[in-house]
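The values are calculated or read from the model by the stated rules, or taken from the named source; none is laboratory data. Predicted model only: the values in this text are computed from it and were never measured. Heads up, the Cβs are rebuilt from the backbone with ideal geometry, glycines too, and the neighbour counts pull from every protein chain shown. When the accessible area is computed, the model is the full protein with side chains, heavy atoms only, and any ligands, DNA or RNA have been set aside. Shrake-Rupley method; radii C 1.70, N 1.55, O 1.52, S 1.80 Å.
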Amino acid sequence: MWHTGLIGTLQGSGGQQIRDQLIVEAYQAQSNSSWTLHLRNTGNKVVAISAIYVDANPVTFSGVTTYGPGEAGTLTVDVSDLTLECGVGYPVKIVTKDGAVFSFLIIYGRQQ
């Protein structure tokens, strides 16, 4: 009986962990002043972006910051205060208002 209760509890709450889903479909990171990220919400709830970090540094950003399920949009990320080396991959972390963190690797000097 304990096993049934535990399994039922785990199965019932597992969906909460995967509700926020945000992907980078493409990016342009050829400028040392700003990068463009093309994002899409592939989850089933609204995702609102509250912060972005590039190489562990908080950066300012503009553009679409709230994405409904299936919606796509573009963000411009200000990297002008960072010292960047062409050809190097930089970790980008996008934090939502719900506290979810999405990590991506963006290669400076490329577009994808």
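Per residue, the accessible area of region 41-112 comes to 54 Å² when a 1.4 Å probe rolls over the protein heavy atoms. Computed in the context of the full set of protein chains, the accessible area of region 45-112 at 1.4 Å probe radius has 49% of its extent on carbon or sulfur. The stretch between S31 and Q111 holds 27.8 nm of extra length on full extension. This uses 0.36 nm per residue minus the Cα-Cα distance. Residues of region 81-112 with an amide N closer than 15 Å to a point placed 7 Å from the Cα of A48 along the Cα-to-Cβ direction: 95-100. Along region 73-81 the Karplus relation, 6.51 cos²θ - 1.76 cosθ + 1.60 evaluated at θ = phi - 60°, assigns HN-Hα couplings of x, 10, 10, 10, 10, 7, 10, 5, 8 Hz to successive residues, with x for each Gly and Pro.
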